[in-house]
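Working notes, beginning with the structure itself.
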Amino acid sequence: MMYPPTRKDFISLTLTDPNCHIYNNGKHRKQSCWRKWKQLSRLQRSIILFLLALTLVLALVSYSRLSKQRIGLSKKEDWMEMIDDGLKPAFPDVNLKPVVGPDSMTEVKGPNILIFQKPPINKRIFPNKRGPPSLQKNGNVSLTFLVGRQEVVQDAEEENGDKQKKLVSWRGAIIEADQVTEPPPSANEKDAAAPPAPEILAGSVPFTASSGAVDRLEAVRDAFRHAWKGYKDYAWGHDELKPISKSYSEWFGLGLTLIDSLDTMWIMDLKEEFAEAKQWIEKELSFNQNVDVNLFETTIRVLGGLLSTYHLTGDQLFLNKAKDLGSRLMPAFKTPSKIPFSDVNIGKGTAHPPRWTSDSSMAEVTSIQLEFRELSRLTQDPQYKEVVDEVMKQVHKLPGKHDGLIPMFINTNSGQFSHRGIYTLGARADSYYEYLLKQWIQGGKTEDELLEDYIEAINGVKKHLVRQTGPRKLTFVGELSHNRFSPKMDHLVCFLPGTLALGSYNDLPGDHMDLAVQLMETCHHMYTQMETGLSPEIAHFNLHDTDSNDIIVKPADRHNLLRPETVESLFYMYRLTKNPKYREWGWEILQSFNKYTRVSDGGYTSINNVRDPENPEPRDKMESFFLGETLKYFYLLFSDDMELLSLDKYVFNTEAHPLPIWPTPPE
C-alpha cells in the first residue's frame, strides 16, 4: 500500500535526489525532475504543493514578526537613549480655557493646563478586562454575570492560566472571553482603530482652588458638562463613552450613561442637557428589545434612574418607562427557589442563570429591593415588592452566616448559600449590607428583621474583618477565607464609612460612627499615598510594625475606574459632622481626576496606573457611574444647602439615585 509522502520525503526528493540537482546541464536536470514529478500520484503532488504554500506563508509571517520586534526595540532604545541623555518628554504649558456650558454666566479662570505627551516606549498595558463588556445589538447575544458591585482582580499568583480566559465587569461580573463582542464599528470607531494621538489628557484643574463653595460647585458642574460633551459628541444614545478613541461601547443598548445621568443634571440645574436627554428618552428609548440584560445592573442604573428622576421632576414619562421596564424584569424571579436569575431577556420575557453556574451573587439578589419596593408603592401593584421581600425573608433565615456575615453566592435552585467560607465587604457581597440599612430607613424603620441583620453584620465585621496597619495604625476592613485573614481591601469597601455614618444618624450605636471616622481616614490615605492622588482598585495593607508604607498595591490592581465610593462617604461624613476636612479631601480628589483623567476634547477616562503620574495609561472608558454617582456626590459634598436631597427625606440606592423615605404608617 502506497502512503502519501511525508514532509521529510518531500525534502529528500527535492533537495538530495541526484537526478534533480547534481547535473550541470540545466535541461537534463529539468527533464529528470519532471519525470520524478510525473511519477507521483495526484494525492502526492497535491500534498507537496500544499507544503510548499504553507512553508511560504510561515516564512512571511515570521519575517513580519521579526520586523515588528526590531521596530519596537528601536523605539524603546531611542526613548531610553533620550532619558540617558538627560532629556525628558515634553509637557508644555499651554493656556487653555475651561469648557463652560451655555448655562454658565461666569467666566472661570484657571492655571495652565499640561498636555501629556505619550512616550514612544512600547510599555505593556494590562488588558482591559474590567468594565462593562460590549454587546452586539443584533440577535440575542447573551452576556451572563455573577455580579457583586465590583470587578475582581486576581492576586499575583493567579496571573497565569484561567485569568486570561475571563473578563470581569466593574461590579464583579465574571464574563467568559468568548462571550464578549463588539458592535459593528461606527465611522468614529474606524478612525480610532489606530493608537490614539499623544494629546490626550488635560493635565491640571481648570479652576481656581479657592475654598468658596460657589467656585467648587461650578467646578463640578464644569466637570459634568465636559463629561457630557464627550458623551454627546461621540456616544449619544449608546451605553458608554470611549473618550480616547472618540467612540462608544454597548452593554445592553439602553443608553446607560444618559439615564444614569438624568437626576444628576436635574440636581445641578443643567436644564439644556436635561431637556435633550429627556427628548431622547421620549422618542428613542424602547425596552422592547431582544437582548439579555443583567437584572442587578439594569435595576440600579436604569430603573433606579427613572424612578428618582420621576420623583424630582414629577414628569409621568419617567414613571411610565419605569413601569414598562419593571414588568419586563419580573421573569427573573421565576426560579425554583424564588431567588432570581442573574439575566433576563426584556424582549422575550425569559430569564436564565449564567451558563457556567446556577448561582447568583448575594449582592445582585439583595440590592434590587429599594427600586422594586418603590415601584410597587408608586403603581399600587404589590407584585414587585412581594418578589424582592421574599428574597430578604429567605436570606434572613438561611443557615451558613458567620456572625451576620454572608457568603458571596446563593444557588437559584436550592435557595442555599454556596461557596461558603469566604466573607468580604467587597465584590459580590458589599451592597447586601448597604441595603439592609437602607430598606429599613426607606420603610419608615418598621421592618425589625432588616435592622437586626444589619447590626449583627456590623458586629461581625468588627469582630472578624477589622484590623490596623503596622506603620500608621490605619483601620481597614480585610477579608476572611476559610478562617484565614487577608489584609486586602477593595476601593468599593469605602462605601462603608458613609453607611455607618448614616446608621449612626438614625440612632444606631455610637461606635458605628467611631469606626466610620477611622475608615474614612484610611480611604483618604488610599488616595494620598498614590503618586497621582487617585486610589487603586484594590489595596493590600501592611500589618507589620515597620517604617514602610501602610498600603501595598499589586501591579494588576493599580487601575482607577473613576469610582464614587470614597466621595460618597465624604458626602455623608460632611453632611452629618460638618467637619470641613472632608470637603478638602474631596476637593483634592476632584483636582486629581481633572489632572490625570480629563480628556482634552470631552469626557473622562479610567486609567491603568495610579502610581505613574507621567504616564497613567488611559483605558479609554468612561463608566456611566462617573456622571450618575461620582460627580453627583461631589456636588452634594460642596453644596451648602443641607435640604438638597435631605437625608431625612431621601435614601440613595447603590447607584446614587435618591428615592423617598416612606411616611411612617399610623400605629
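The values are calculated or read from the model by the stated rules, or taken from the named source; none is laboratory data. As the structure is a prediction and not an experimental result, all values here were calculated from the model. Every residue, glycine among them, receives a Cβ derived from its backbone with ideal geometry; neighbour counts consider all protein chains shown. Please note that ligands, DNA and RNA were not included when accessible areas were found on the heavy atoms of the full protein model with its side chains. Shrake-Rupley method; radii C 1.70, N 1.55, O 1.52, S 1.80 Å.
With the whole protein complex present, GLU456 retains an accessible surface near 80 Å², based on a 1.4 Å probe. Taking all protein chains as shown and a probe of 1.4 angstrom, ILE300 keeps an accessible surface of around 0 Å².
Modelled this way, with points 7 Å down the Cα-to-C-beta line, the labels at ASP269 and ARG45 are 8.7 nm from one another.
At the residue level, LEU52 shows approximately 90 square angstrom of accessible surface with a 1.4 angstrom probe and all protein chains present.
If I stretch the segment between LYS334 and TRP280 completely, what's the gain in nm (0.36 nm per residue apart, minus their alpha carbon distance), one decimal?
Details: separation 54, 0.36 × 54 = 19.44 nm, distance 3.25 nm.
Here the answer is 16.2 nm.
Quick one: check the C-alpha center-to-center distance for the stretch 302-317 versus the stretch 612-667, whole angstrom. If you average the Cα positions of each part, the centres end up 15 Å apart. A straight line joining the Cα centroids of the stretch 488-517 and the stretch 391-434 runs 20 Å.
Just to confirm a number: summing +1 for Lys and Arg and -1 for Asp and Glu over residues other than LEU307 whose beta-carbon lies under 9 angstrom from that of LEU307, what do you get? With Lys, Arg at +1 and Asp, Glu at -1, the net is -2.
From the protein chains alone at 1.4 Å, what is the descending order of accessible area for VAL293, VAL517, largest first?
Working: VAL293 0, VAL517 60 Å².
I get VAL517, VAL293, largest accessible area first.
Using a 1.4 angstrom probe on the protein heavy atoms only, line up ARG42, ARG583 by accessible area, largest first.
Values: ARG42 190, ARG583 35 Å².
The residues order as ARG42, ARG583, largest area first.
Counting Lys and Arg as +1 and Asp and Glu as -1 over every other residue whose Cβ lies under 13 Å from the Cβ of GLN591, the net charge comes to 0. With each label modelled as a point 7 angstrom along the Cα→C-beta vector, the ASN459-THR546 pair spans 3.8 nm. Computed on protein heavy atoms with a 1.4 Å probe, the accessible areas place ASP430, ASP324, ASP547 in the order ASP547, ASP324, ASP430, largest first. Using a cut-off of 18 Å between Cα atoms, the listed pairs LYS463/LYS488; LYS232/LYS323; LYS246/LYS621; LYS283/LYS321; LYS232/LYS278 include LYS232/LYS323 as exceeding that distance.
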